[in-house]
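Worksheet: the structure to be examined is printed underneath.
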Amino acid sequence: MRMNWRSLNLLAGCFCAIAFAKFLGVTTSAKAAETVVLRYGLLAESVSLAELQKAAEMGDLPKDFKIYGKSLSTQQRRFLVDTLRNPIPMDVVTVNRLLNTQIGTTILNDFSKAVVRKDKAGVQAIRAGLVLGSTAPQGFSLLSFIANYPSQRLEIDLPQAFKISKSLNTGFWQTQQFMLAIAPLFNQQKLQVSLPFDPSQPGTDAVQVLQYNWHDQQRNRKIPVDVYWSSSATTAKPVIIFSHGLGSVRTDLRYLAQHLASYGYVVAAVEHPGSNQTNTDFGFKGKNRLLKPQEFLERPQDISFVLDELAKINQTANNPLAGKLATDNAMIVGYSFGGGTALALAGAEFQLDKLKQRCQQNLAIFSLGETAQCVAQELPKNSYLLRDNRIKQAIALSPTTSLIFGETGLTKVQVPTLILANSADKTTPALSEQVMGFQKLPTPKWLVGVLGGTHLSVKDPSTTLDQVGVPNTPFSGGEVVGDQAADVRKLVKTIVLAMAAQLTPEAKQYAIFLTPNYAQAASTKAFPFRLVTEIPPDALKVLKDYVEK
């Protein structure tokens, strides 16, 4: 199943998104919308609830409807009618389970702009219509929302509704349902878990950074690497390798590298020259391709080359890292495109036969993550194995997996693996890129879900300054970053440190931080967290429904 932006129902997506709203004791009102006013520029058309109900039954709006006939495109008219006819899978329980997320408050405020009111009660009125509409016996729909909107008149600015609805899609909504289904409903009181210490706090060691610019002569490829370490580093702890995302830099996860190094781990942050920011900038200037197909193979080889160089350093007298590097006991942490790199090094097989078929279709309906994977269709073979046996664990943060690994490529992963998914990720949508991939992984495995997190939420704040003022589109923008995403980065520091510790004598001491109870206890109002080691039945149903549509 792909994220199909064209299949978005115009207002269903609009009001479905309101489910992320902050639910604050809405009460039933004696008023209900009897008339809907659709405004399109200077044109305004009134239609009764009864007429809308009839239109939903007949599958068409009245022929004398001026806006319908003169202003709306064929696609917009179809969206409008389909929205009336199609129910939305949402009930009061689901609404209550989507309380107080960061993305929810933002979306509710955005969508209130599409409802025209002279007073300032737009957000509260939408919330009331949503909650009461979701109690309808036939389930929530736009019609049930209108019938329960606490005013006799509901006025909608259609251009604004069209604009906002483009940023949502069915897959986005189903992702939220899945995230809620992978763990029990939160109690009103926060779960109390007895923790031995707080792994999100810095360790006691002073962190130092060594910068290298190694040259792989065999491939004629220069690999810049930042090595984070402290004087307490020993071979009792694994070497940790970072692989960045497409068009990014090796400082993507600098805060995480510093955190791990403060606990005595050695972290090598690798920069991939064929898919870093410099390469992408040249691509936008027309000086080279944004991404060459060979890069899918080069990136895992970059990591293996860096491990070779670190092994040499470990045997080099007078080098401060000599005797401190367990290069045969390494953990890979990959972000986004680097997540796919990490999984390949862990044993996943690139299977390109079906990718080459699907990528001949209309790429306009693909997510950015899928589009990037389609570049691999130019590779000559249909399968590639790039496993490095020195990799003993893998962590993939918002990885790309939907196309590149085919049907069974991920079943060949040979090490314990943790995948993190953000519910509001547009670049690598959670259901298609992380959840479906997680289901194929062999155990032991962990899936961490962040409700309200976006694609860039895990990145170092210094690398997301360019997000200020970026328009919110179906493919980009609307990112929760910087101080707003501090809770997400705190979680990442904890779970990555806990995973690394599983390769040390401290494994049992850190095991509690890889449990569902810890994820619930660590949750905040802005970001509820989920953690599972297998997908429960209710969530499997959501996944099945998503795949079949």
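Select from the stretch 458-472 the residues that are touching a residue at least 24 places away in the same chain (Cβ under 8 Å) and out of contact with any Ser or Thr (no Cβ under 9 Å at 6 or more places or on another chain) and list them in ascending order.
Residues of the stretch 458-472 touching a residue at least 24 places away in the same chain (Cβ under 8 Å): 458-463, 472.
If the condition is that a residue be touching a residue at least 24 places away in the same chain (Cβ under 8 Å) and out of contact with any Ser or Thr (no Cβ under 9 Å at 6 or more places or on another chain), then Pro461 is the only one that fits.
Testing Val547 on (1) over 18 Å from the mean Cα position of the chain (by Cα); (2) at pLDDT below 95; (3) surrounded by fewer than 18 Cβ atoms within 10 Å (Cβ to Cβ), one condition comes back false. Which one is that?
So Val547 meets the others, but not (1).
Could you tell me whether Lys312 is surrounded by fewer than 16 Cβ atoms within 10 Å (Cβ to Cβ) and either without any contact (Cβ under 8 Å) to a residue 40 or more places away in the chain or in a loop (DSSP other than H, G, I, E, B) (or both)? Working first, answer last.
On the way: surrounded by fewer than 16 Cβ atoms within 10 Å (Cβ to Cβ): yes; either without any contact (Cβ under 8 Å) to a residue 40 or more places away in the chain or in a loop (DSSP other than H, G, I, E, B) (or both): yes.
When the stated conditions are applied, Lys312 passes them.
Quick check, is Val306 assigned by TED's automatic domain parsing to the domain that holds Ile240, crowded, with 22+ Cβ neighbours inside 10 Å and farther than 19 Å from Gln434 by Cβ?
Values: assigned by TED's automatic domain parsing to the domain that holds Ile240: yes; crowded, with 22+ Cβ neighbours inside 10 Å: yes; farther than 19 Å from Gln434 by Cβ: yes.
Yes, satisfied.
For the stretch 186-197, how many residues are closer than 22 Å to Ser230 by Cβ and either modelled with pLDDT of 95 or more or surrounded by 13 or more Cβ atoms within 10 Å (Cβ to Cβ) (or both)?
Residues that pass the stated criteria total 0.
Quick one: how many residues across the stretch 327-356 are among the polar types (S, T, N, Q), surrounded by 22 or more Cβ atoms within 10 Å (Cβ to Cβ) and not in a loop (DSSP other than H, G, I, E, B)? Step through it out loud before you land on a result.
Here is the first cut: in the stretch 327-356, the residues among the polar types (S, T, N, Q) are 327, 329, 336, 341, 351.
Of the ones still in play, those that are also surrounded by 22 or more Cβ atoms within 10 Å (Cβ to Cβ) are 336, 341.
Narrowing the set further to residues that are not in a loop (DSSP other than H, G, I, E, B) leaves 341.
Number satisfying all stated conditions: 1.
On the given criteria, is Leu61 at pLDDT 70 or above, surrounded by 15 or more Cβ atoms within 10 Å (Cβ to Cβ) and either in a helix (DSSP H, G or I) or among the acidic types (Asp, Glu) (or both)? Outline the logic, then answer.
Values: at pLDDT 70 or above: yes; surrounded by 15 or more Cβ atoms within 10 Å (Cβ to Cβ): yes; either in a helix (DSSP H, G or I) or among the acidic types (Asp, Glu) (or both): no.
No; evaluated as a whole, the condition is false for this residue.
Starting from residues that are in a loop (DSSP other than H, G, I, E, B) and under 25 Å from the mean Cα position of the chain (by Cα), keep the ones in the stretch 274-290 and report whichever is nearest to His259 (Cα to Cα).
Result: Ser275.
Restricting attention to the stretch 192-232, which residues are in contact with a Lys or Arg (Cβ under 6 Å, 6 or more places away or on another chain) and assigned to a loop (DSSP other than H, G, I, E, B)?
Correct list: Ser200 only.
Consider the stretch 423-442. How many of its residues are modelled with pLDDT under 95 and not in a helix (DSSP H, G or I)?
Total satisfying the criteria: 7.
List the residue pairs whose Cβ atoms are under 8 Å apart, where the first residue sits in the stretch 226-245 and is more than 10 Å from Lys324 (Cα to Cα) and in contact (Cβ under 8 Å) with a residue 60 or more places away in the chain, the second is surrounded by fewer than 24 Cβ atoms within 10 Å (Cβ to Cβ) and of a type in the set (Phe, Trp, Tyr), and the two are 6 or more positions apart or on different chains.
Between residues of the stretch 226-245 that are more than 10 Å from Lys324 (Cα to Cα) and in contact (Cβ under 8 Å) with a residue 60 or more places away in the chain and residues that are surrounded by fewer than 24 Cβ atoms within 10 Å (Cβ to Cβ) and of a type in the set (Phe, Trp, Tyr), the close pairs are Val227/Tyr212.
Anything in the stretch 250-273 that is surrounded by fewer than 19 Cβ atoms within 10 Å (Cβ to Cβ) and either among the β-branched types (Val, Ile, Thr) or in a loop (DSSP other than H, G, I, E, B) (or both)? List them, or say none.
Thr251, Pro273
Do any helices (runs of 4 or more DSSP H) lying entirely in the stretch 473-533 carry at least 2 residues that are out of contact with any helix residue (DSSP H, G or I) (no Cβ under 7 Å at 6 or more places or on another chain) and either without any contact (Cβ under 8 Å) to a residue 24 or more places away in the chain or buried (at least 16 other Cβ atoms within 10 Å of the Cβ) (or both), and which ones are they? Spell out the reasoning first.
Values: elements: 486-501, 507-510, 516-522.
The qualifying helices (runs of 4 or more DSSP H) are 486-501, 516-522.
Specify the residue that is farthest from Leu497 (Cα to Cα); the eligible residues are those in the stretch 208-248 that are surrounded by fewer than 18 Cβ atoms within 10 Å (Cβ to Cβ) and of a type in the set (Val, Ile, Thr).
Residue satisfying both the conditions and the ranking: Val209.
Just give me the residues in the stretch 506-536 being closer than 16 Å to Leu451 by Cα and of a type in the set (Gly, Ala, Ser), in sequence order.
Ala519, Ala521, Ala522, Ser523, Ala526, listed by residue number.
The values are calculated or read from the model by the stated rules, or taken from the named source; none is laboratory data. It should be emphasised that the depicted structure is a prediction, and the values quoted were computed from it without experimental measurement. In this analysis, Cβ positions are derived from the backbone assuming ideal geometry, glycine residues included, and neighbour counts consider all displayed protein chains.
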